[in-house]
1. Are any of the residues in the stretch A:309-318 open to solvent by less than 60 Å² (accessible area, probe 1.4 Å), in contact with a helix residue (DSSP H, G or I) (Cβ under 9 Å, 6 or more places away or on another chain) and at pLDDT below 95?
2. Starting from residues that are aliphatic (A, V, I, L, M) and either open to solvent by 50 Å² or more (accessible area, probe 1.4 Å) or in contact with a Phe, Trp or Tyr (Cβ under 7 Å, 6 or more places away or on another chain) (or both), keep the ones in the stretch B:96-134 and report whichever is nearest to B:Met146 (Cα to Cα).
3. Would you be able to tell me the number of residues in the stretch B:7-52 that are more than 9 Å from DNA strand D (Cβ to nearest atom) and within 14 Å of chain A (Cβ to nearest Cβ)?
4. Among A:Glu111, A:Glu132, which is the only one that is more than 7 Å from chain B (Cβ to nearest Cβ), closer than 22 Å to B:Arg59 by Cα and without any contact (Cβ under 8 Å) to a residue 40 or more places away in the chain?
5. Tell me, please, whether a residue that is outside the structural domain of A:Leu105 (by TED's automatic domain parsing), among the acidic types (Asp, Glu), within 30 Å of B:Thr103 (Cβ to Cβ) and surrounded by 18 or more Cβ atoms within 10 Å (Cβ to Cβ) can be found in the stretch A:201-221.
6. Specify which of the listed residues (B:Gly14, B:Gly49) is touching a residue at least 24 places away in the same chain (Cβ under 8 Å) and not assigned by TED's automatic domain parsing to the domain that holds B:Phe114.
7. Please specify each residue of the stretch B:157-191 satisfying the condition of being more than 19 Å from B:Arg338 (Cβ to Cβ), without any contact (Cβ under 8 Å) to a residue 60 or more places away in the chain and open to solvent by 50 Å² or more (accessible area, probe 1.4 Å).
8. (1) at pLDDT 95 or above; (2) open to solvent by 60 Å² or more (accessible area, probe 1.4 Å); (3) polar (S, T, N, Q); (4) not assigned by TED's automatic domain parsing to the domain that holds B:Ser128: which one isn't true of B:Asn296, the others all being true?
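The values are calculated or read from the model by the stated rules, or taken from the named source; none is laboratory data. Keep in mind that what you see is a predicted model, and the values were worked out from it rather than measured. Here Cβ is always computed from backbone atoms with ideal geometry, including for glycine, and neighbour counts include all displayed protein chains. All accessible areas refer to the heavy atoms of the entire protein, side chains included, with ligands and DNA or RNA removed. Shrake-Rupley method; radii C 1.70, N 1.55, O 1.52, S 1.80 Å.
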Protein chains: 2
Amino acid sequence: MAKVTLQSIADKVGVSRMTVSNAFSRPDQLSSELRRKILDTAADLGYVGPDPAARALARGRTGSVGMLINGRVGEAFATDGSSDLELLSAVADELSAHGMAVTLLTPQLDEKFFPARDVAIDAAIVYSCNAETSGLAELQQRGIPMVTIDENPRPGIPPVNIDDRGGARAAAQHLVDLGHRRVGILALQDAEKPGAADDLSTMSVEYPESERMAGWREVLDAADAEVVTRLAPLAPRSVAAEVAADLLDQGVTAVLCFSDVFAHGVLTTAAARGLRVPDDVSVVGFDDTELAAALNPPLTTVRQDVAAKGRAAVTTLVARLAGQAPEAVVLPTELVIRRSTTTARPGRQADLP
Amino acid sequence: MAKVTLQSIADKVGVSRMTVSNAFSRPDQLSSELRRKILDTAADLGYVGPDPAARALARGRTGSVGMLINGRVGEAFATDGSSDLELLSAVADELSAHGMAVTLLTPQLDEKFFPARDVAIDAAIVYSCNAETSGLAELQQRGIPMVTIDENPRPGIPPVNIDDRGGARAAAQHLVDLGHRRVGILALQDAEKPGAADDLSTMSVEYPESERMAGWREVLDAADAEVVTRLAPLAPRSVAAEVAADLLDQGVTAVLCFSDVFAHGVLTTAAARGLRVPDDVSVVGFDDTELAAALNPPLTTVRQDVAAKGRAAVTTLVARLAGQAPEAVVLPTELVIRRSTTTARPGRQADLP
DNA sequence: ACGTTCTTCTGTACCGCTACAGTACGGCGA
DNA sequence: TCGCCGTACTGTAGCGGTACAGAAGAACGT
C-alpha cells in the first residue's frame, strides 16, 4: 500500500491538505463534525498522525532533548549505579510532561556519525562531563540551549547542582560534634590520572568532588582536626577496598566518604579487619542511595534528591526554550543520621600495631 | 546572524548547493581540493553540519531508535536496578556504532503528546512491556520495525531472549544434586494484581517469570521434591522480606529466587531469624547482578549477559532495517555456583517451633 | 441594506536537505 | 579524428508537513 499522507486523506475527504493538518494539530481551526470525519477517514486509511520528521522540519522543533554524557554510556552510568538511572528516569518523565523525549548522545565513535552533531534535538542536558568531553563544542556551535547537572558552571550554560558543600559541611560537623579529631577522607580519584592514593594532585576536579572536599575541610580545619586524605577510583572496587584499608590503618576514628559506595567499601574493609562500626570507627557516606539504608549498619550519609535534580534540569531547560533568562539552581542536601556514626572512641591509635 | 544553510555556503564558495551537500555527505562525489575549500568556508561560517531534521525528512531515516518501556521510566527501570541501566547502555553504545541513537519512549501522559506516535524514529526496541502497554499499537501502525527483549514472542516481532528456562533448570538441578527435597520458590507477583503470597494466580505471566518457573518445576517435579511457592512484588522490599520469612517458616532447606534482589531479601530475613546460609538453608538467585557477588555469602545464581542481550537486540534490528528476515535470538544462561548453596541439612523441619 | 466580525476553510510558500538524472569536459583507445 | 567513458559538478523535484495570509459566507448590530 502506498504511504498515507495528509494529502491522500485530504483527497479522500474532499478538503484541502491544510484542513487535514489542522484536524490533527489545531482542532480549534475547524468544525468538529468535519474534524470527526477527517479523523475517521484517517483511521480507516491507517494513518496514525503527522510524520514526526516532516513536522520537525516544518515547525523547527524536533521534540527531543539530548542527554550528553562523558565516555560511553556504559562507563558514565554504570559505575555509580542506581542514581544515574534515577536521574535519567526523572528527566525522561519530566520531559514527557512537556511533550518531549530524551535521546542519549553517545560520544563520537567514527568520523561519519557524531551524535552531538548529527542527532536532531532542541536542547541538551549535559551531565557527568568534563572539559574534554567531546560534543559540547558541537552543541554550542549548533546553538542548542543547554543546562548542566553536577558540573562546574560554564559561561552561558545554566547549572543545576546540589549543595554539595553544605552537605559535606554538615557531615563533617556531625563528626566534630561527636568528638572526632582524627578523621579520614576517602575522596574520588580522577579516572584519567591514576596515581598513589595519597597523591592529592590526582583528585578529581569535577564539581561535586571539589565542593564536597571543600565542605569537609572547612569544618575539619576550623575544628583543628587532623585529616588523612586518600583517593580511590570508582572502579575497580578492590582498589577502593585497599585504599580504605590504608586509611583505617592511619588510626582515624571516622571516615568521610565521597559516596555511599565508598562507604560500603570502608564498612567491608573494617569488618575484615575486625573493626566495629561505629564503635571503633564511624563512617559517613554521601548521596543516600538505596544502598545506604540497606547496609549494616545503616549508613549516616548526606541525602540528595536525584529525581528533583533531573526535574529541575528539565524545568530550567523548558524555561530557556520559552525564552526566559537562564537561572542557576542549587538543590538542598540533608544529613541523614543512621547508625554508622557515634562518639569518637579515644585512643584508637593505640590499638594499632 | 542569519542561519547558515547549505545554500549560504554554496553562495559564498560559488558552487551549487548540491556540491556543498556532497562535501558533507558524499565526499567521493567531488574533488578533494574543492571539498577542503567548502569545508573550510563552512567552518568559517560556523556551520557544524547538515541540519539533522531536514536530513531526516529528505533521507527518510531519522537515525534514532525508540526504546519503549512499560509505565513511567522510573517504574520500569528503577525497581530492578543496575541491570536495566546496563541494558540501556549496551543498546546505546551498540546503536552508536551503527550511526544511531536511542530515544526513550515514555507512555502517553496527555492527548497532545504521545511519544510512540509523535517521536521521529526508524525502529524500536520493546522492553519490559506487557500486553496492555500503550504505544505498541501505534508503533505497529506506523510500520516501525521492532524487536522485543525479555518478552513473550509477538507475531511479526522478532524476540531477543535469554534461556531463562534452561538457567532455572540448572539452578533447580543444582539443589536436587545437593540433596534438597523440600524447596521454596520465591517468584514475582504481578504488580497489577496484588494478592496473598500463596495465591499463584497472581503470578506475573511475563516471559522471564513463566519460563523460570517452568524450568524450576520441571526439575523439581521430576525429582519428586516438595515445592513451596510464594509470590512477592518487586517493591516495596519490606513485603518481599515478609514473604521470605513465611517461606523460611515452611521448613524448606533451599530457596530458588526470581532475582538476586529477592535472594538478598531471603539472606537478610534468614539472618534475622538466626538461620545460617548455606548451612541451614541454601539460596539461589537469578541474573548474577553486581549484587550477587557482593552479598555475604556470595550468591549462587544464574548468570545472564545483559549487555549481550542489548547488543543482540540492536543487531537484530539493524538486520531488519537492512531488509533481512527477522530471526529469534536466545542467549545462553549459566549457573554460577558461589557460597550460598550447600548440601541439604536433613531434618530442618524439626527445628521449627 | 450595509459594513463588520467570526468562523471555517484554502492557497502558497516555505522548512533545509538529498536523490537522481543530467551536463560538461578531459582523457584514452583505435 | 571520433566515439566512449569516467570524473566533477549542477538543476530539479521532491521529502511531508506547517505558518500565515487570505477568501467566502454566516451572523450580527444599527
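1. no
2. Per the criteria, the residue is B:Ala131.
3. Going through the stretch B:7-52 one residue at a time, the tally reaches 16.
4. Details: A:Glu132 fails: closer than 22 Å to B:Arg59 by Cα.
Checking each option against the conditions leaves just A:Glu111.
5. Let us first name the residues in the stretch A:201-221 that are outside the structural domain of A:Leu105 (by TED's automatic domain parsing), namely A:201-221.
This time we only want the ones that are among the acidic types (Asp, Glu), so: A:206, A:209, A:211, A:218, A:221.
Now drop any that are not within 30 Å of B:Thr103 (Cβ to Cβ), which leaves A:206.
Now restrict to residues that are surrounded by 18 or more Cβ atoms within 10 Å (Cβ to Cβ): A:206.
Yes: one or more hits.
6. Details: B:Gly14 fails: touching a residue at least 24 places away in the same chain (Cβ under 8 Å).
None of the others qualify; the one that does is B:Gly49.
7. B:Arg165, B:Ala191, listed by residue number.
8. It is condition (1) that B:Asn296 fails.
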